[in-house]
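The values are calculated or read from the model by the stated rules, or taken from the named source; none is laboratory data. For clarity, every value in this text was computed on a predicted model and none was experimentally measured. All Cβ positions, glycine included, derive from the backbone under ideal geometry; neighbour counts span all protein chains shown. Each accessible area value is taken on the protein alone, full model and side chains, heavy atoms only, with ligands, DNA and RNA left out. Shrake-Rupley method; radii C 1.70, N 1.55, O 1.52, S 1.80 Å.
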Amino acid sequence: MDDKPDPGTLTENSEVLFSFGVIADIQYADLEDGYNFQGNRRRYYRHSLLHLRGAIEHWNTESSLPRCVLQLGDIIDGYNAQYKASEKSLELVMNTFQMLKVPVHHTWGNHEFYNFSRNYLTNSKLNTKFLEDHIVQHPETVPSEDYYAYHFVPFPQFRFILLDAYDLSVLGVDQSSPKYQQCLKILREHNPNSELNSPQGLSEPQFVQFNGGFSQEQLNWLNEVLTFSDTNQEKVVIVSHLPIYPEASDSVCLAWNYRDALAVIWSHKCVVCFFAGHTHDGGYSEDPFGVHHVNLEGVIETAPDSQAFGTVYVCPDKMMLKGRGRVPDRIMNYKKENAFQF
């Protein structure tokens, strides 16, 4: 952005209500450096843990502690499964997160499902649903157990919603289950390639196996929560491993039915920003409805002498992302009719 603020002045002259941390695609593995599937991007498997430690040390020493940290998915790399190291690697990363002085909310990405079944994840430390907020007398805002999503309030009038972008997916699901058959059918209808991870020749390149989508049930639930937030004049931050806005992402990284998710979000006034990972390259765009779509740069492809995380400072009229290393600073103003009057 041309009007990139000076890091020192980012939070000056603005009343900061609270802050939260963001980090994505750590993809730790006890392996030598390698490359992505195209062979053109270096991946620093072991060093990603050092980057995480650096981020945690930073958050723990901020003058005002963040209310929470959002971990946007792909916490360990799929290679762990090949080497039978999934549980060991996850334990190592989760032990590192235990150094953090504030709660962390974990999103699930494709690499979670390369390593573990959905059932395993539900019963693991990566399930942070116990941190959810319950809206009294609004049972329709309670998510189903069939997908991993919840909402919470880190500060009055601000609601965060964590979505399950692999609710529709062929990953981590028992191949004999009706859900798997349903999702495989969706995938094959849009992707005739024998290699289902290949977007070659597709008019909708997001229909690959390493992506997933949102069930109608989850979208209905999201709609109910956003309706509540509209009514109560809350600001909403949405988190998902997969991005949903083409202008902010490589098209091959989008959620299968990203248009359906956008349709729900755009029918409400309360959503301020949508954070996602998955792309590793990062990306940003403000959509026509004033929602800021931020795709965070991935830790896994961040050189040892750099960094990849950020802290978002929340003000009455805007949110300010202070990025570290590869993550750029962003100023995200609220839609004019939505600015709070404090």
statement: Exactly one of ARG67, ARG46 is within 21 Å of the chain's Cα centre (by Cα) and either closer than 22 Å to PHE20 by Cβ or among the charged types (D, E, K, R) (or both), and that residue is ARG67
Leading residue by the ranking (nearest to TRP256 (Cα to Cα)) among those in the stretch 149-170 that are in contact with an Asp or Glu (Cβ under 8 Å, 6 or more places away or on another chain) and aliphatic (A, V, I, L, M): ALA149
Every pair of residues 6+ apart whose Cβ atoms lie under 8 Å, when the first sits in the stretch 266-277 and is on the phi < 0 side of the Ramachandran plot and without any contact (Cβ under 8 Å) to a residue 40 or more places away in the chain while the second is among the small types (Gly, Ala, Ser) and assigned to a loop (DSSP other than H, G, I, E, B): PHE274/SER240
query: Can you name the condition, by its number, that ARG188 falls short on among (1) open to solvent by 10 Å² or more (accessible area, probe 1.4 Å); (2) of a type in the set (Lys, Arg); (3) more than 22 Å from ARG118 (Cβ to Cβ)?
result: (3)
query: Which of the residues that make up the stretch 163-206 are closer than 18 Å to VAL252 by Cβ and within 19 Å of the chain's Cα centre (by Cα)?
result: ALA165, TYR166, LEU168, SER169, LEU171, GLN206
- prompt: Out of the stretch 133-170, which residues are open to solvent by less than 90 Å² (accessible area, probe 1.4 Å), not β-branched (Val, Ile, Thr) and not in a loop (DSSP other than H, G, I, E, B)?
  reply: GLU140, TYR150, HIS151, PHE152, PRO154, PHE155, PHE158, ARG159, PHE160, LEU162, LEU168
- prompt: With VAL208, VAL173 as the choices, which residue is farther than 28 Å from THR141 by Cβ and surrounded by 14 or more Cβ atoms within 10 Å (Cβ to Cβ)?
  reply: VAL208
field: Pick from the stretch 16-41, criterion at pLDDT 95 or above and of a type in the set (D, E, K, R), ranking: least open to solvent (accessible area, probe 1.4 Å)
entry: ASP25
- prompt: What number of residues within the stretch 110-126 satisfy the criterion of being in a loop (DSSP other than H, G, I, E, B) and within 18 Å of the chain's Cα centre (by Cα)?
  reply: 2
Residue ID - nearest to ILE161 (Cα to Cα), chosen from residues in the stretch 283-304 that are open to solvent by less than 20 Å² (accessible area, probe 1.4 Å) and in a loop (DSSP other than H, G, I, E, B): VAL291
field: Of all residues making up the stretch 211-250, the number that are open to solvent by less than 30 Å² (accessible area, probe 1.4 Å) and either under 27 Å from GLY282 (Cβ atoms) or in a helix (DSSP H, G or I) (or both)
entry: 24
message: Among (1) within 18 Å of the chain's Cα centre (by Cα); (2) open to solvent by 80 Å² or more (accessible area, probe 1.4 Å), there is one condition GLU57 misses while meeting the rest; what is its number?
response: (1)
